Every structure is written in structure tokens, then in C-alpha cells.
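Reviewing the structure listed below.
The values are calculated or read from the model by the stated rules, or taken from the named source; none is laboratory data. Bear in mind that the values here come from a model prediction, so they are computed numbers and not experimental data. Ideal geometry is used to build each Cβ from the backbone, glycine not excepted, and the neighbour counts take in all protein chains shown. The protein model used for the area step is the full one, side chains on, heavy atoms only, and it has no ligands, DNA or RNA in it. Shrake-Rupley method; radii C 1.70, N 1.55, O 1.52, S 1.80 Å.
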Amino acid sequence: MNMKIERVDLQRIKIPLNSPFETSMGVETHKECILVRAYSGAHVGFGESVAMDVPVYNEEDVDTVWYMLEKYLIPQLFSREIEHPDDVSRLFSWMRRNHMAKAALEGAVWDLYAKMNGISLSQALGGARTTIDVGVSIGIEPTIEKLLQRVEGFIRDGYKKIKVKIKPGFDVEPMRAIRNTFGPDVPLMADANSAYTLADMEMLKALDSFGLIMIEQPLAHDDIIDHATLQRELKTPICLDESIHTVEDARKALELGSCRIINIKIGRVGGLTDAKKIHDLCATRGVPVWCGGMLEAGIGRAHNIAMASLSNFTIAGDTSPSHRYFAEDIVTPVIDFAAPGMLAVPTTPGIGFDINESAIRNALIEHKSYLANRESTTTLIPSW
Ligand code: OSB
Ligand code: MG
């Protein structure tokens, strides 16, 4: 069944986080993002951009995503019919980077496709799991005591993986404190968000003694060479996040030995089609993957759940329940544990969650609709 996208809506929303989230890149107090609705006939598909409000994680921000969608990606999507969501990635492939902008619109098309075919997004992707294991990503806390309190709560809640953000000056001591307090069996890892260089080799080697499941992105965001040098020196597996934008990046990193695990984020790699390709490559090479997070609101979170249902997502991801982040999420029902540390993979058509329109209205900053049959697709058409 061909899809002709007739209309796309963009909504910019801002919602407060329950608690500030600090990483080596900075502190976030709010979630600001763009929601995408793609319409065809009686159906609508939902997408969400994961770009941050400042370009500290990758080169994109909320405004660049809006700009690329409006100027290039939406007009291009209107220009032809789509047979399958995989076509979208091909259609956008002429444009360099801007993966989060592409993924937001591509995600809406995947949801639309699944709904038009009456299947869940997980089914459309070839998902194999009915539940997924999830962990929690804990930001840098003001003191080690506060960090230990948070870890205790998350262990009690049943999270299957505890990931702790580290930065120079907050690395060996917090990890040691967690091991000393909670013992060797807690599934523990650290994420440095590129805060170190090979000059920090001694500190990074010191982390080896804590039996971490992995160390995520210790070195530069654009590096795979030094990571290979580091991996040769470490017992702990390195997991790459920021360095992997494409299936080719993944192939090269694996060939160089830069990592033994890959964190897949749909936005970072330009959409679900490319995320699945990286998943498949890693499966072929016997390399486990897991689903990273970007503090997504409910739509992005639902896409993550569907992706994490693929068979080689064998390590618990960062897709925590809604209440970990927000007082009110934008989907209904809110995303919550089916059992401690586990989320159910929806079986109803598409992303499997309804939209909480009143939550979106409360959070709305800007909205714009684009119609395919207008001469200029950038005409502002207030839709409500
Ligand atoms: O490095 O994984 C990361 C959030 C924003 C930007 C980068 C990262 C993160 C997280 C949060 O770790 C994961 C989550 O969504 O809970
Ligand atoms: Mg990371």
C-alpha cells in the first residue's frame, strides 16, 4: 500500500524535568523538542526529534531540526509516494548529517506505515521481544552521598542496569563508593560523554577494577582511533555512543577494535531504518547493542521501546518509565514498568500509545502545519 503524505505538523514543546540532569556536557532542567505528525488519508503517524536545545551532544539543536524539516525534508517527503519507510532514508540520503531532523520525520512515517497496515511498530521493524529490560542513566550528582541515595532508590525499583555519568574529578571515587556500598553484583556502567583523552589512561585503567559492564564513550565524540588504543589497554568493554552516526561508522569501529558494544540511538543515526541496519551488522558480528536515550518525551520513548524489541538488543537500555523524567508525559497511558525493570512492548497498531493532547497544549511553544498540495509548502496554516 503506497503512502502519500498529505500534511505534516510540527509542534515545539517544552516540559520541565523532575530533576536537573547533569553530564560532562552541561546541565538540563527542561526537555525541549519538536513533535512531528505525518498525515495520510485517515491515518496519522507520530515522530519526535531528540536534538537538544544546545548543540553539545551533536551538531544539531531544536532550531536546526525545525529549519531542516521545513526547508528540505518535508517538501521532499511531499514530492513522491512512499512504498515503505525504508524509502525515506534513501530519499534524504543526499543531505549530509542532520540525522536527528531526518529521524524525527522518518519516525512519523514508520508509525504511519505500521498504523496503515494494522501492525505494531515493533512488528513492522521485525521485533522479537514482548518485553524489554531497562536501566537508568543517572546524571552527575552534587555529592557522592546524593548519588548513593539515588542509586539505592533505582536498585530498589528494580532497574536492570545502573549507568552513572562521570567527568574529570567525579569518576573513580563515585564508582568505588557504589561498589563498596551495593556490592559487586549491581549491573553498573559509566558514561563519560567524551570527557577524557588518552592522557587520562591511568584513571581509565583504574575503572577496570570495578567490574563495570562497559565504559561508554570515554574519548572524543569524533574518535575511533584512540578508542581502539584504549580498548587494547582495558579489560572493561568500551561502548561507543557519540562516535557512531552510520552503519559504516559501526563497521569501521568494529574492524578497528574501538569498542565491543554499541549504543544505538535512533536520532543519532538518522532514523529507524539505519538503526536497524546497525543492529543487524552487530548481530552478524556477535556484538551486543542496547538502546540509548536522549531524555525523550513519550513519542520518542515509544519508538525506543519498539526498536529495543529487536533480537540483538541484549543489554538493558536507557528507556526508563515516564515518571523518571516528567510529572506529566505526552502519551497515554504513561510509560511504566510492566514488572520491575521491564517495559511491555505494545501490540496495538503503530507506536501503541495515544497522544495526551492536553499535556501537549500545556507544553506548546510553537506549531505549524504544512500541506502537500500548496504551491509553497512553507505556508503557515494555523491548525487550531
Ligand atoms: O550520552 O547517553 C547519553 C542524555 C542526553 C544526551 C546524551 C546522553 C543522555 C543520557 C540519558 O544518558 C539517557 C536517558 O534518556 O535517560
Ligand atoms: Mg552516552
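Numbers for the structure displayed
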item	result
Residues satisfying the stated conditions in segment 234-281, i.e. touching a Pro at 6+ places or on another chain (Cβ under 8 Å) and either among the acidic types (Asp, Glu) or over 23 Å from ALA124 (Cα atoms) (or both)	ILE238, CYS259, ARG260, ILE261
Residue that is nearest to GLU59 (Cα to Cα) [pool: residues in segment 69-89 that are open to solvent by less than 30 Å² (accessible area, probe 1.4 Å) and of a type outside the set (Val, Ile, Thr)]	LEU69
Extreme residue, farthest from ligand 2 (Cβ to nearest atom), among residues of segment 1-54 that are out of contact with any Leu (no Cβ under 9 Å at 6 or more places or on another chain) and of a type in the set (Asp, Glu)	GLU32
Checking ILE299 against (1) within 14 Å of ligand 1 (Cβ to nearest atom); (2) among the β-branched types (Val, Ile, Thr); (3) outside any helix (DSSP H, G or I), the condition it does not meet	(3)
Qualifying residue in segment 223-235 (condition: in contact (Cβ under 8 Å) with a residue 60 or more places away in the chain and closer than 18 Å to ALA190 by Cα)	no
For ARG301: the one exception among (1) away from ligand 2 (no atom under 16 Å from the Cβ); (2) crowded, with 20+ Cβ neighbours inside 10 Å; (3) more than 10 Å from the chain's Cα centre (by Cα); (4) of a type in the set (D, E, K, R)	(3)
Residue count, segment 90-120 (criterion: more than 18 Å from TYR370 (Cβ to Cβ) and surrounded by fewer than 18 Cβ atoms within 10 Å (Cβ to Cβ))	8
Residue match in segment 249-261 (condition: over 23 Å from LEU198 (Cβ atoms), free of Cβ contacts under 8 Å to residues at least 24 places away in the same chain and open to solvent by 10 Å² or more (accessible area, probe 1.4 Å))	no
Any hit, segment 58-70, residues being outside the structural domain of GLU141 (by TED's automatic domain parsing), out of contact with any Asp or Glu (no Cβ under 7 Å at 6 or more places or on another chain) and of a type in the set (Phe, Trp, Tyr)	yes
Complete set of residues in segment 1-52 that are part of a loop (DSSP other than H, G, I, E, B) and open to solvent by less than 70 Å² (accessible area, probe 1.4 Å)	ILE5, SER24, MET25, GLY41, SER49, VAL50, ALA51, MET52
Failed item in (1) closer than 19 Å to ALA104 by Cβ; (2) at pLDDT 95 or above, with SER383 passing the rest	(2)
Of all residues making up segment 250-279, the number that are under 18 Å from LYS102 (Cα atoms) and either within 16 Å of ligand 1 (Cβ to nearest atom) or outside the structural domain of ARG301 (by TED's automatic domain parsing) (or both)	8
Total residues in segment 206-222, condition part of a loop (DSSP other than H, G, I, E, B) and either surrounded by fewer than 21 Cβ atoms within 10 Å (Cβ to Cβ) or among the aliphatic types (A, V, I, L, M) (or both)	8
Test for GLY126: is it small (Gly, Ala, Ser) and open to solvent by less than 10 Å² (accessible area, probe 1.4 Å)	no
Residues (of a type in the set (Val, Ile, Thr) and over 28 Å from the mean Cα position of the chain (by Cα)) located in segment 171-193	THR181
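For every residue, the table says whether it meets (1) closer than 19 Å to ILE261 by Cβ; (2) in a strand (DSSP E or B).
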{"residue": "GLU152", "(1), (2)": "no, no"}
{"residue": "ARG156", "(1), (2)": "no, no"}
{"residue": "LYS163", "(1), (2)": "yes, yes"}
{"residue": "PRO174", "(1), (2)": "no, no"}
{"residue": "ASN180", "(1), (2)": "no, no"}
{"residue": "ASP185", "(1), (2)": "no, no"}
{"residue": "ALA190", "(1), (2)": "yes, yes"}
{"residue": "ALA195", "(1), (2)": "yes, no"}
